[in-house]
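What follows is one structure encoded as structure tokens, with my remarks underneath.
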Amino acid sequence: MRAWLAAQAEPALLLLDVGLDTADAGLVIAREVRQILGNRTVRILLRSGHDPETLRAAVAGLDVTDVLGKANSTLPELRAAVSWALEAYVRLTRTED
């Protein structure tokens with residue numbers, strides 16, 4: 001995943017499931033994006049079956065746009081989160097120019 005991300009021109013959004021291959025794979029990717037690749041612009045949305053409040057504490061300092069619970073998030077809520085994240089990306093990239 002790191003090689004793919006590094007090769008991308010400028011991804012606007014990553015929608016990550018916390019438990020992709022391992023229980024914390026999505027968190028590992030989010031940390032790599034921010035800390036190793038140094039990408040502060042891409043917006044990160046995490047989805048998980050775990051309690052979103054617990055995950056928010058785990059990702060503090062990683063500039064994760066939102067944490068969505070799978071059990072209680074609806075399609076309209078997901079659409080709203082994606083829309084908000086993309087708007088935030090546009091604001092960030094305009095500020096950097």
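Conditions (1) farther than 18 Å from Val82 by Cβ; (2) acidic (Asp, Glu); (3) buried (at least 16 other Cβ atoms within 10 Å of the Cβ), marked per residue:
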residue	(1), (2), (3)
Leu5	yes, no, yes
Leu20	yes, no, no
Leu27	yes, no, yes
Leu46	no, no, yes
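Which pairs do you get when a residue that is modelled with pLDDT of 90 or more and of a type in the set (Asp, Glu), found in region 59-88, comes within reach of a residue that is part of a loop (DSSP other than H, G, I, E, B) and loosely packed, with under 14 Cβ neighbours inside 10 Å, reach meaning Cβ atoms under 6 angstrom, with the pair 6+ apart or on two chains?
Hits for this filter: zero, empty list.
May I ask you to verify whether Ile29 is of a type outside the set (S, T, N, Q), part of a helix (DSSP H, G or I) and closer than 25 Å to Ala3 by Cβ?
Yes, satisfied.
Keeping to region 48-97, report how many residues are among the acidic types (Asp, Glu), surrounded by 11 or more Cβ atoms within 10 Å (Cβ to Cβ) and more than 22 Å from Ala6 (Cα to Cα).
Qualifying residue count for the region: 4.
What's the total number of residues in region 1-37 that are polar (S, T, N, Q) and either at pLDDT 80 or above or under 11 Å from the mean Cα position of the chain (by Cα) (or both)?
Going through region 1-37, the residues polar (S, T, N, Q) turn out to be 8, 22, 35.
Now narrow it down to the ones that are either at pLDDT 80 or above or under 11 Å from the mean Cα position of the chain (by Cα) (or both): 22, 35.
Here the count works out to 2.
Does Arg91 qualify as being among the basic types (Lys, Arg) and assigned to a loop (DSSP other than H, G, I, E, B)?
No; evaluated as a whole, the condition is false for this residue.
The values are calculated or read from the model by the stated rules, or taken from the named source; none is laboratory data. As the structure is a prediction and not an experimental result, all values here were calculated from the model. As a convention, Cβ positions derive from the backbone with ideal geometry for all residues, glycine included, and neighbour counts pool all protein chains shown.
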